[in-house]
Amino acid sequence: MALSRRGFLQGAGALSLLAGRLTVPALAQSASTADIPPILFVHGNGDHAALWLTTLWRMESNGVPRERMAAINFTDPLARADDRVEQAGRSSTEDQRRALAEAVRELKQSSGAARIALVGNSRGGNAIRNFIKNGGGGEISHAVLCGTPNHGVYASDDGLGNEFNGRGPFLRGLNDGDSEVTVGTAFLTLRSDGLDKYAQADGRFIGKPGTPTNVTTEGPALKGATNLVLGAVDHRETAYHPRAFREIYKFIASHEPSRIEIAPEQSVRLSGLVTGTPGGVPTNRPVPGATVDIYHVAAETGERIGGPLHSSQTGADGRWGPAQVDPSWPLEFVLTSPDAVTTHIYRSPFPRSSEIVHLRAARPLTPADAGAGAIVLMSRPRGYFGLPRDIVLFDGKEPADVKSGVPTDAVTTLRLAAAEIGRPVAAIFNAERIVMRAWPASENRIAVAELTY
């Protein structure tokens, strides 16, 4: 099977369905997966399609064909402060509803299916519920909401226009009635047992310590849905953790997955989108004129092995690639974007092909970086660093800027002296280990160890 979803949809709340055609075969579809509906994955607030990378790989490893899955990229993924007021670089609930409706139409058309399944993390669940309740229920067989703040991040008379206020008109409209789900669509909610930073009774995680949020750990649950507690997972892990994958697959397929681990391919092709942060706001808007170079690096030192495996420059669509790589190779991606810091992104080996390997330049150098010879980051897009839950070691030490307790930090920063430029730096998160090199900050460079798992 081959993946055949690719395109950009323009307009308010536009999105990209980023899954282009690959020549690498996926696992054959088995009889047990033949009746699984096409699945559209919906990311959360400020995020992008690439967070679903490992979920898509696990689905493929269980025989779900690539061409029957897609991941949406909302052009402006951040919510507005007030849903009714225009805000540069941000989207309204109506923007997201319209974009999701178009994505559903595209996947139904390409697959020939009458109904599809939707899986969303966090704010993505808001868009799913809004679409289903306001006319799209007949098109959706299953809806899986992972860590979605269905009753708000807070419930207060202040800021009623905010999409995440449980007392505001948006969530009140979704939650009215004896049942909080739409008849005809099967709903599943997945939540943490207490480590979701957006389902906390105290307001310290939204900048109001000591103020009650009037929301509990049960906030993501819905009357009328199947509601499951996954255990000690964080906000993003409610969607991207292997435990979450098992429940997502089982709910949609009506049977257990045959495997949780990712089955490797013999040959891997990678491509994706380069996006930017205009005005400091993270968006999924394509960046033209960016250069992407990829190197095979040594696992123990981060040193390059030979010249570039791939070099390309993005056009108006912001796409880079494709690059052919070996599934056993650790990689360094060098992203040179206009008016942005040159970013050296170190990644673990890619076991399978993907067209949603999206790249975004690291944050610019700040006054706090002044005097540092090199800046290195460890980033975990699909979850947060939980101490003492996780093993988190950066250059042999537990990071000082990662808080203990409820996991809230997805990036940790290390500043090195000029004498340490060029040396290897190891980033360890549980079983994943990435070794990068320290690049000179004086050349406007930052190195990032981006965790996959």
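Quick notes
- Basic side chains Lys and Arg get +1 at the Cβ, acidic Asp and Glu get -1 at the Cβ, and with that the dipole of the chain about its Cα centre reaches some 480 debye.
- Cross-link pairs beyond the 29 Å C-alpha cut-off, checked among Lys250/Lys403; Lys223/Lys403; Lys197/Lys250; Lys108/Lys197: Lys250/Lys403; Lys223/Lys403; Lys108/Lys197
- Shape of region 153-203, Cα gyration tensor, a/c cut at 1.5: oblate
- A Cβ-based charge dipole, computed about the Cα centre of region 323-453 with Lys and Arg at +1 and Asp and Glu at -1, lands at about 180 debye.
- At q = 0.11, 0.12, 0.19 Å⁻¹, base-10 log of I(q)/I(0) for region 187-344 (Debye sum, equal scatterers on each alpha carbon): -0.76, -0.87, -1.07
- Restricting the trypsin sites (Lys or Arg not before Pro) of region 107-157 to loop positions (DSSP other than H, G, I, E, B) with no more than 16 neighbouring Cβ atoms within 10 Å leaves Arg115.
- Since only Ser312, Gly210, Gly383 are under comparison, the one whose Cα sits farthest along the positive direction of the charge dipole of the chain, derived from C-beta charges on Lys, Arg, Asp and Glu, is Ser312.
- When a 1.4 Å probe is rolled over the protein heavy atoms, the share of accessible surface on the chain that falls to carbon and sulfur comes to 52 percent.
- When shorter helices are ignored and each DSSP H run of at least 4 residues is given -39500 (n - 2.57), the per-residue value for the chain at 222 nm works out to -4000 deg cm²/dmol.
- In region 87-176, GluC sites (Glu not before Pro) in a DSSP loop with at most 12 other beta-carbon atoms within 10 Å: none
- The alpha carbons of region 284-434 occupy a box of 42, 36, 32 Å along the principal axes, longest dimension given first.
- Relative contact order (%) - criterion: Cα under 8 Å, at least six apart; region: region 233-343: 25 percent
- Fully extending the segment from Ala417 to Arg172 would add 82.9 nm, taking 0.36 nm per residue of separation and subtracting the current Cα-Cα distance.
- Relative contact order (%) - region 348-453, alpha-carbon pairs under 8 angstrom, separation at least six: 35 percent
- Entry for region 277-335 at q = 0.25, 0.26 Å⁻¹: log10 I(q)/I(0) = -0.97, -1.01, Debye formula applied to identical alpha-carbon scatterers, no solvent contribution.
- Debye, to nearest 20: dipole size of region 90-207, +1 on Lys, Arg Cβ, -1 on Asp, Glu Cβ: 280 debye
- Taking the square roots of 5 times each eigenvalue of the Cα gyration tensor of region 410-453, largest first, gives ellipsoid semi-axes of 21, 11, 8 Å.
- Using the Cβ-Cβ distance between His255 and Tyr453 with R0 set to 22 Å, the FRET efficiency from 1/(1 + (r/R0)^6) comes to roughly 0.30.
- Shape class for region 61-134, computed from the alpha carbon gyration tensor (a ≥ b ≥ c): prolate, with a/c not under 1.5 and a/b above b/c.
- Leading residue at positive end of dipole, region 173-224 (Cβ point charges), from Ala186, Ala221, Gln200: Gln200
- Averaging Cα coordinates gives a centre for region 383-412 and one for region 248-286; these two points are 24 Å apart.
- Neighbourhood charge, 14 Å Cβ-Cβ cut-off, centred on Asn284 and excluding it, Lys, Arg +1 and Asp, Glu -1: +1
- Remark: the chain carries 37 Å² of accessible area per residue (probe radius 1.4 Å; ligands, DNA and RNA excluded).
- Shown here for region 190-249: trypsin sites (Lys or Arg not before Pro) in loop regions (DSSP other than H, G, I, E, B) with at most 16 other Cβ atoms within 10 Å, namely Lys223.
- Where (1) 33, 27, 21; (2) 40, 26, 19; (3) 37, 24, 21 are the candidate values, the label of the one calculated here for semi-axes √(5λ) of the Cα gyration tensor in Å is (1).
- Relative contact order of the chain, defined on C-alpha pairs under 8 angstrom at six or more residues apart (%): 12 percent
- Among 209-220, 54-65, 312-323, the peptide with the highest mean count of other Cβ atoms within 10 Å heads the list, and the full ranking is 54-65, 312-323, 209-220.
- Cα centroid of region 325-369 to Cα centroid of region 202-224, whole Å: 35 Å
- Theoretical gain in end-to-end length, Asp193 to Glu102 [0.36 nm per residue, Cα-Cα removed]: 29.3 nm
- Positive-end ranking of Trp439, Ile260, Ala101 along the dipole of the chain, with charges on Cβ about the Cα centre, is headed by Ala101.
The values are calculated or read from the model by the stated rules, or taken from the named source; none is laboratory data. Keep in mind the model is a prediction, meaning the values are calculated, not measured. Note: ideal-geometry Cβ built from the backbone for every residue, glycine included; neighbour counts use all protein chains shown. Just so you know, the surface numbers come from the protein's heavy atoms only, side chains and all, with ligands and any DNA or RNA stripped out. Shrake-Rupley method; radii C 1.70, N 1.55, O 1.52, S 1.80 Å.
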